[in-house]
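Asker: Take this structure, written in structure tokens, and hold onto it; I'll ask about it next.
The values are calculated or read from the model by the stated rules, or taken from the named source; none is laboratory data. What you are looking at is a predicted structure, and each value in this text was computed from that prediction instead of being measured. Here the Cβ is made from the backbone with ideal geometry for all residues, glycine too, and neighbour counts use every protein chain on show.
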There are 2 protein chains.
Amino acid sequence: MTNIRDLAKMAGVSVTTVSRVLNNHPYVKEEKRKAVLDAIKQSNYQPNINAVHLSMGKTFLVGVMVPSIDHPYFASLIKGISHEALTHNYNLVLFQTNYKEERELDALQMLKQKQIDALIICSRASSWPLIEEFLPYGPIVLCEDTRGKKVSSTFVDHYQTFIYALEYLIQNGHRKVGYSIGRKTGTNSKFREMAYKDFLKKNHLPFDPAYVFDNCLYFEDGERVVDTIASMDDPPSALLVTNDDVAAGIVTCARNRQISIPNDLALIGFNNQPIAKIMDITTIEIPLVEIGRKLFLQGIAENQEISYQEIPVRLIKRGTI
Amino acid sequence: MTNIRDLAKMAGVSVTTVSRVLNNHPYVKEEKRKAVLDAIKQSNYQPNINAVHLSMGKTFLVGVMVPSIDHPYFASLIKGISHEALTHNYNLVLFQTNYKEERELDALQMLKQKQIDALIICSRASSWPLIEEFLPYGPIVLCEDTRGKKVSSTFVDHYQTFIYALEYLIQNGHRKVGYSIGRKTGTNSKFREMAYKDFLKKNHLPFDPAYVFDNCLYFEDGERVVDTIASMDDPPSALLVTNDDVAAGIVTCARNRQISIPNDLALIGFNNQPIAKIMDITTIEIPLVEIGRKLFLQGIAENQEISYQEIPVRLIKRGTI
DNA sequence: TTGTAGGCGTTATCAG
DNA sequence: CTGATAACGCCTACAA
């Protein structure tokens, strides 16, 4: 493997000059630049990335914390992050946490140890104070509303979005409205819960905990929702489903049980995943890939200023309401 | 940031000794080992990963080539790879290729440039001769039958599996059998095509290209299949669907069009994804996560011997046949 | 069992 | 504009 010193010899210049042309620095006489370029060609030189990293004190690695890689929501986020990482010559370290605090700590620790240059937290189980402890050690970026906190984030205003969707349901005559959620804890879920309760209060509707379906992440979770609803004396007439996969599961299982959608049960999904289109599910579009991109950019931002990027969403009207 | 030299000073030993205890090498007096360990605790020392990499001439990075991160098949593979990488202190570099040869070349190039220690090719568009060119530069591992070639692989015998599934269909009285596939090119697809044609020949059945549905990757692709079948004069009575997501899409759309499954159309899916269970789809179980694990292990195997790991599969009987 | 010293390949500083 | 040279932090012959 030929190195920068070999190149210097071949081109009859110093290593400094070689480094300069390699990094497109100014102040190199065209003549010498040519010589170096030639040497590079002839030797088919490849820089040693490890040496570069050591010298720069950076790893060009960005950590990505997700509970699970194979959930469509996170897969889309990763897709966006991955795409942007590529164009910036960064690589990703995926931390699959399953919401185990222990695994989340691993990721945080790697930031502290400078083994990654930044950490993107797509979703977390750890408490905010814990995260906060690691802020001094490197850029941390979240995918939740962090306004008021000293961390950058790209997020959707889930409170407003939920209110908006709920209003839409009530305008369509629904008064018994519930929702399903991936997990009840978590910042985004808390905002949604708040919105739900505020909405009920404002419309003088009672809060029935049975109308909130927890642990709804995958298509197959739709079955549980339908089973439960089918067995209820006073079931909801409409549901906000925070994930199109689950909505699709509900649509599918409802059919089996002769529950008519939207007549017996209206649905609004979230994310506008491809499955929502094919199954004609009304949904709130969330540009996950774009969010992933922005998260990455915030993570490697040179000026380490804190920024909050709110991403707008929109309702896509289809056949489930 | 305290480094190995600082530790040496603190513990009153040489850097070599520190390095030795850090790497659990033998020949260190218990006394000194203690001293070093103490120094590490007090200084909360963290090794500089870049220096380690430079010194060892390794990156501890393994490349993973997939056409798309957010397809359940590849997501499962990645899950397995990622899990194993974690326990071996490796990180992953994801190459999302969309089957663009150009992107695939990027990955190969990174191997050549030693920017990754090994490359796992989950699926490819590039020709074998191209891949072969890069064999000398580092370990490449494939997820397809490479017996006879000088590369390691973990794979399913798709030929035998297809034959097996087809026999099962014919035993159940089907004579008009088709299949859907992600893409027609690709090693695994070729084996399946061979199996299909051999099967037809053996059973004196005609080959009808209209019975082969290309480009079936996602749930939504099931719609196209159903539409096509609905419009055929002489449609197949059974289908092998090489992906449970697509099978689920077919089941869903068939319902809309009053096509009864399995009466009008029988299905055997592949992979045994969760959606297959919930939708009661008969399927061939393929342990993708386990395959991912093995791929990784082959990639970092110390003795660079070539190994071929065939993974057994099994039929899971459910309601679509 | 221990330590010295050289090397890994770049980048950055600073004097010319 | 150019070039010595000193980091960067760790590993490992080799010598003792």
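Asker: Cβ-Cβ below 9 Å, separation at least six or inter-chain, first residue in region B:288-311 and within 20 Å of B:H158 (Cβ to Cβ), second modelled with pLDDT of 95 or more and acidic (D, E): which pairs?
Answerer: B:Y308/B:D145; B:E310/B:D145; B:E310/B:D157; B:I311/B:D157; B:I311/B:E290
Asker: crowded, with 22+ Cβ neighbours inside 10 Å and more than 14 Å from every other protein chain (Cβ to nearest Cβ) - does that describe any residue in region A:128-136?
Answerer: Within region A:128-136 (the criterion being crowded, with 22+ Cβ neighbours inside 10 Å and more than 14 Å from every other protein chain (Cβ to nearest Cβ)), the answer is no, since none of the residues qualifies.
Asker: In region A:168-219, which residue that is of a type in the set (A, V, I, L, M) and within 30 Å of B:P274 (Cα to Cα) is farthest from the other protein chains (Cβ to nearest Cβ)?
Answerer: Restricting to residues being of a type in the set (A, V, I, L, M) and within 30 Å of B:P274 (Cα to Cα), the top hit is A:V177.
Asker: Moving on. Return the only residue of A:N89, A:N98 being surrounded by fewer than 15 Cβ atoms within 10 Å (Cβ to Cβ), modelled with pLDDT under 90 and outside any helix (DSSP H, G or I).
Answerer: A:N89
Asker: Regarding region A:65-76, can at least one residue be identified that is in contact with a strand residue (DSSP E or B) (Cβ under 6 Å, 6 or more places away or on another chain) and of a type in the set (A, V, I, L, M)?
Answerer: The answer is yes; a qualifying residue exists.
Asker: Within region B:33-42, is there a residue that is more than 16 Å from DNA strand C (Cβ to nearest atom) and modelled with pLDDT under 90?
Answerer: Yes, region B:33-42 contains at least one residue that is more than 16 Å from DNA strand C (Cβ to nearest atom) and modelled with pLDDT under 90.
Asker: Would you check which residues across region A:230-257 are part of a loop (DSSP other than H, G, I, E, B), of a type outside the set (D, E, K, R) and more than 19 Å from A:H158 (Cα to Cα) and list them?
Answerer: A:S231, A:M232, A:P235, A:P236, A:S237
Asker: Another question, if that's okay. Can you spot a residue in region A:206-221 that is within 23 Å of A:L142 (Cβ to Cβ) and part of a helix (DSSP H, G or I)?
Answerer: Among the residues of region A:206-221, not one is within 23 Å of A:L142 (Cβ to Cβ) and part of a helix (DSSP H, G or I), which makes the answer no.
Asker: Criterion first (surrounded by 17 or more Cβ atoms within 10 Å (Cβ to Cβ), in contact with a helix residue (DSSP H, G or I) (Cβ under 7 Å, 6 or more places away or on another chain) and in a helix (DSSP H, G or I)) does A:Y159 satisfy it?
Answerer: Yes.
Asker: Related question: Just the residues that are within 12 Å of A:K317 (Cα to Cα), acidic (D, E) and more than 14 Å from every other protein chain (Cβ to nearest Cβ), please, taken from region A:263-306.
Answerer: The one that is within 12 Å of A:K317 (Cα to Cα), acidic (D, E) and more than 14 Å from every other protein chain (Cβ to nearest Cβ): A:E285.
Asker: Could you give me the residue pairs with C-beta distances under 8 Å whose first residue belongs to region B:43-59 and is within 6 Å of DNA strand D (Cβ to nearest atom), whose second residue is polar (S, T, N, Q) wherever it lies, and which are 6+ apart or on separate chains?
Answerer: From region B:43-59, the pairs are B:P47/A:Q113; B:N48/B:N3; B:L54/A:N48; B:L54/A:N50.
Asker: Within the set of pairs 6 or more residues apart or between chains, which connect a residue that is within 14 Å of chain A (Cβ to nearest Cβ) and farther than 17 Å from B:Y45 by Cα inside region B:21-34 to a residue that is part of a loop (DSSP other than H, G, I, E, B) and within 14 Å of DNA strand D (Cβ to nearest atom) with Cβ atoms less than 8 Å apart?
Answerer: none
Asker: How many of the residues making up region B:275-306 are loosely packed, with under 15 Cβ neighbours inside 10 Å and more than 22 Å from B:N91 (Cα to Cα)?
Answerer: The qualifying residues number 2.
Asker: Sticking with this structure for a sec: Do any residues in region A:72-88 that are more than 7 Å from chain B (Cβ to nearest Cβ) have Cβ atoms under 8 Å from those of residues that are buried (at least 19 other Cβ atoms within 10 Å of the Cβ) and hydroxyl-bearing (S, T, Y), where the two are at least six apart or on different chains, and which pairs are they?
Answerer: Correct list of pairs: A:F74/A:S123.
Asker: Applying the selection to region B:108-137, what residues are closer than 24 Å to B:I181 by Cα and in contact (Cβ under 8 Å) with a residue 60 or more places away in the chain?
Answerer: The answer is B:I120, B:C122, B:S123, B:R124, B:A125.
Asker: Looking at this structure, is A:I131 assigned by TED's automatic domain parsing to the domain that holds A:S82, modelled with pLDDT of 95 or more and at negative phi?
Answerer: yes
Asker: Contact list please: Cβ distance under 7 Å, first residue in region B:204-230 and at positive phi, second residue of a type outside the set (S, T, Y), pairs at least six apart or on different chains.
Answerer: What qualifies is B:N215/B:R183; B:N215/B:D221.
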